[in-house]
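Worksheet: the structure to be examined is printed underneath.
Please treat every number below as a calculation from the coordinates, not as lab data. All of these numbers come straight from a predicted model, not from anything done at the bench. All Cβ positions, glycine included, derive from the backbone under ideal geometry; neighbour counts span all protein chains shown.
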Amino acid sequence: MTTTMIGPDPLAGPAEEVRHFVDDEIVPHADEWDRAERIPRELLGRISELGLWAPFLPPEHGGSAMPWTHVGRVHEEVGRGCSSVRSLLTVHTMVAGTVQRWGTDEQRARLLPALATGELLGAFCLSEPDSGSAADASGTVAVADGDGWTVTGTKKWITGGQIADLLLLFARTGDAMSAFLVPADTPGITVTPLTGMMGTPGSMLAQIDLDSVHLDAEALVGPENWAAGTVMTGALDLGRFSVACGSVGVIRACLDACVDYTTRRQVKGTGLAELPLIRRKISDMVVSSRAGRLLCAEAGSLKDAGDPATIMASWVAKYYASTAATRASAEAVQIHGANGFSPEYPVARLYRDARVAEVIEGSTELQQLTIADEAYREARR
Amino acid sequence: MTDPTDYRAPIREFILNRFPGFELRDEDDIFALGFVNSLFAMELVMFVEKTFQIKVPNNEIRLDSFRTVERMGDLVARVTSGGRAPVL
C-alpha cells in the first residue's frame, strides 16, 4: 500500500510490466518528445510488443480480453509518463472499440487484428474548424452516390492524425449524422500537421481535408443516420474514460515530482517538505489521485458489466479527474517556483497537458451541464 | 417469454425512471417528444442488451427500432426468437 494505491493493484501482473515500461521508456523521454512534438515510431512499436493498443479486444481478434478496469489502469500509468502517448492510446481505443461494438462481421474480421497489434493506428475525426463540443454542427457532408458515398469537409484537431492509418469519420447524411471507417490514404484526403500546440504537442495533431472523397458502401459503420446516439456517444464514452484515467496519472506525476523536489529543496535552512502549506498541497494530490482512481474504477466496472450507468460514471470520472489534474499541476508549478516554468522540470508540461483534458471529449462546462441535468432529473423521481 | 408486450414494462420503467412525470404510452415516439438526447439513446441500447441478455444485431440498430416502447419490445422479441417476429 502506498499513498496512491489501496491494497493490491488489480493489474498485478501486467501492471508491473506497464509500470516498468513507463518508468524506463516513457518518463525519461517525455519532455524531449514534448519539444519535438512527436512520439517516435520505436515507442509505438513497443506499445505493440506489449499488446497495449487494444487489449480489451477478444483473443480471436488479437486482444487479451482485458477488463476495462484494467485498461483504465494501463491508461493511468501511461498518462503518468506522457499525456501525448496516452492521447494516442485514447483515440485508438475509441476507433478499435467502435469497430468491435458497431462493426459488421466483415469489418471486425478485416480491421480488428491489425488494430489490436497497432499495425493500423486509428484516429477519431469529429471536431471541425467551426464545431467542437457542438458536434451536431458538423459541416462535413456525405452524399450517397450510387455505390457508396462522396464525402467533403474538414476535420481539425485530430489527435494522431499525422500518423493514423484508419479514420473514424463523422459526417452529415441528410439531417442526421453517420460514421465511416476511412483509410487515411484514400484519394482526396489531405493531412496537414498542426504544430505549436500548448498541450500534448507530441500527440501529432492534424487537420484532415476531404475533397470529394469516394467511399465504398462498406465504409459505413453503425446505423446510417443514427451515429449520434450510437457510434459517436459510444466512442466518446471510451474517450472520456481514457482521459479520466490518464488525468489520474497526471496527478500522480505531479505528486511524484513535488515530493521529490520538496524533499531536496531548502529555504533558509528549512526543507520545503516541512512547510505546512506545502504539505497541504501534497495531501490534496494524494487524495485527488485516489478519488479519481476510484471514480475511474467505478466507470470501468460498470463498462465490464455492460451497465448503461457507465456513461454517466465516465462523465463524472472525467470531470473530476481532469479538473483535479489541472489543480494539481498548477500547484506543482507553484511549488517548484521559477523552476516550475523551466524545461528542466516536468511540471510545466504536466500543467499544459492537464489543461487539454478539460477541453477534449466534452469540455468541463459541457460536463457540468450534463451532470447537473442528471441531478435535477433524479430529484424529480 | 415471447410475447413482445412482456418486454415493454421494464423498458417503460427505465425511461420513466430517467424522465419522471412523463405520460408515456407504449406507442409514443420518444425521439419526437424531444427529451431523448444522444447520451440517453446510447443508454437505451445498453439497457435493452443488459436487461434482456441479448446482443442487438447490426441490422436492428436503427432509430426506428428504438422509437417507441412498443417497437423496442418487438425488437427484443425478434432477437430472442431468432428473428421469427415480423421486422418493422
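For this structure, a couple of remarks:
- Peptide-level mean, for A:220-233, of C-beta atoms on other protein chains within 10 Å: 5
- Check: the stretch A:228-379 dipole with +1 on Lys, Arg Cβ and -1 on Asp, Glu Cβ, in debye: 680
- FRET efficiency, residue B:13 to residue A:60 (Cβ-Cβ, R0 41 Å, nearest 0.05): 0.70
- Compactness of chain A, expressed as Rg and Dmax over alpha-carbon positions, Å: 20.7, 78
- Pair-distance distribution of chain B: all C-alpha pairs, bin width 5 Å, starting at 0; shares per bin in whole percent are 3, 14, 29, 28, 17, 7, 2, 0.
- Charge dipole magnitude, Cβ of K and R +1, D and E -1 - the stretch A:123-221, Cα centre, debye nearest 20: 380
- Considering only B:53, B:30, B:16, the residue lying farthest towards the positive end of the dipole of the stretch B:4-80 is B:53, judged by Cα position with unit charges set on Cβ.
- Note on chain A: dipole from Cβ charges, positive end direction compared against A:54, A:169, A:345; the farthest Cα belongs to A:345.
- Ellipticity at 222 nm from helices only: DSSP H runs of n ≥ 4 in chain A, each -39500 (n - 2.57), divided by the residue count, give -16500 deg cm²/dmol.
- Ranked by how many other beta carbons lie within 10 Å on average, peptides A:323-332, A:215-224 from highest: A:323-332, A:215-224
- Taken along the Cα-to-beta-carbon direction at a fixed 7 Å, the label points for residue A:225 and residue B:26 span 2.6 nm.
- Taken over the stretch A:258-314, the convex hull of the Cα atoms encloses 69 Å³ per residue.
- Per-selection Rg to Rh, the stretch A:228-379 - Cα, Kirkwood hydrodynamic radius: 1.07
- Lys pairs, the protein assembly as shown - Cα-Cα below 25 angstrom, 8 or more residues apart or on other chains: 8
- Between A:190, A:152, A:270, the GNM of chain A built on Cα springs shorter than 10 angstrom shows A:270 fluctuating the most.
- Given charges at Cβ of Lys, Arg, Asp, Glu: the protein assembly as shown dipole, positive-most of A:28, A:206, B:79: A:28
- Take every Cα pair under 8 Å whose residues are at least 6 apart in sequence, average their separation, divide by the length of chain A, and the relative contact order is 17 percent.
- Neighbour-count order for A:298, A:365, fewest beta carbons within 10 angstrom listed first: A:365, A:298
- Ordered by the number of other Cβ atoms lying within 10 Å of each residue's own Cβ, fewest first, A:70, A:214 fall into the sequence A:214, A:70.
- Within chain B: Cβ-based charge dipole about Cα centre, in debye rounded to nearest 20 (Lys, Arg +1; Asp, Glu -1): 280
- Antiparallel bridges, percent of DSSP beta bridges restricted to chain A (to nearest 5): 85
- Just checking the listed ones, A:307, A:256, A:284: in the Gaussian network model of chain A with Cα springs under 10 Å, the one fluctuating most is A:307.
- For the residues A:246, A:148, A:63, a GNM of chain A with alpha-carbon springs under 10 Å puts the largest fluctuation on A:148.
- Each residue in A:245, A:296 was given a count of other beta-carbon atoms within 10 angstrom of its own, and listing them fewest first yields A:296, A:245.
- C-alpha center-to-center spacing [the stretch B:6-28, the stretch A:187-210] in angstrom: 45
- Applying the Karplus relation 6.51 cos²θ - 1.76 cosθ + 1.60 with θ = phi - 60° to the stretch A:178-188 yields 3J(HN,Hα) values of 10, 10, 9, 9, 10, x, 5, 9, 5, x, x Hz, where x marks Gly and Pro.
- Per principal axis, descending, Cα span of the stretch A:123-221 in whole Å: 43, 27, 20
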